[in-house]
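Asker: Right, I'll just put the structure down here and ask away after.
Only the coordinates and a few stated rules stand behind these numbers; no lab work does. Here the structure is a predicted model, which means the values were calculated and not measured. Note: ideal-geometry Cβ built from the backbone for every residue, glycine included; neighbour counts use all protein chains shown.
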């Protein structure tokens, strides 16, 4: 009995080991005996996944540390990083070229802007100069127009005179001698010439005698008056205009009635040119306000 127990004690572990070995071998043999096709005992989901999977897909084998093994050699790491470094170098070159092109474009743009600004400034200066010249020409044209108007007024006013004052000198007895009263009248007339330029003196001599005798007598009276004004008051001779009318009837001022000549007399009128009224300068050789000749 003791022998059976010891034999059983040693036989049981060996049987257990054989049994475990059989369990391990049988599935392996069964797997090898199955065909390459899809096993019928496989679940439908597994068969479907195998049929839809791409035949060219090969999952990357990764170790415990992933794709890169920290214990890999430097040459292997260099082979892996060289394409990346080359790509980065190409990108740096492209960026450098783009930056250089941008700088070139910006430089050309700035140069074009400066040239355009310089051209615009020159055009503005030219326009300003042209405007100044146009304004100056306008001023000259306006001045010329004013001058032309003045000349027209001067030409139109050359033969236009207005009466300033008059005097009547009486000669008693028909003798060509100035009385004290006649001298005072002539002195007052000469004093009234002060302040007038461009004037003339109209001298009309009358005599009651008829025919040529009256004309000769009136001529002598006019000469006496003219001589006194020239010698005593320096009236220029060219400003004295006389006429001997004899016994020609005189037309009264303000009406058309005529009166017969009854006494010997000289009628003097101070006539001023219309240019003098406008303040025009006298021509060369004109007399001053005192009757003296201007230089």
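Asker: Using mean Cβ contacts within 10 Å as the protection proxy, how do 199-207, 120-128, 239-247 order, highest first?
Answerer: Packing order, densest peptide first, comes out as 199-207, 239-247, 120-128.
Asker: Turning to a different aspect of this structure: Relative contact order of the stretch 159-277: what whole-number percent is it, with Cα pairs under 8 angstrom and at least 6 residues apart?
Answerer: Worked out over the stretch 159-277, it gives 44 percent.
Asker: Also: Taking the C-alpha atoms of the stretch 159-277, how large are the radius of gyration and the largest Cα-Cα span, Dmax, in Å?
Answerer: Over the stretch 159-277's Cα set, Rg and Dmax evaluate to 14.2, 41 Å.
Asker: Hey, how much of the P(r) for the stretch 74-129 falls beyond 18 Å, as a percent of Cα pairs?
Answerer: It works out to 64 percent of all Cα pairs.
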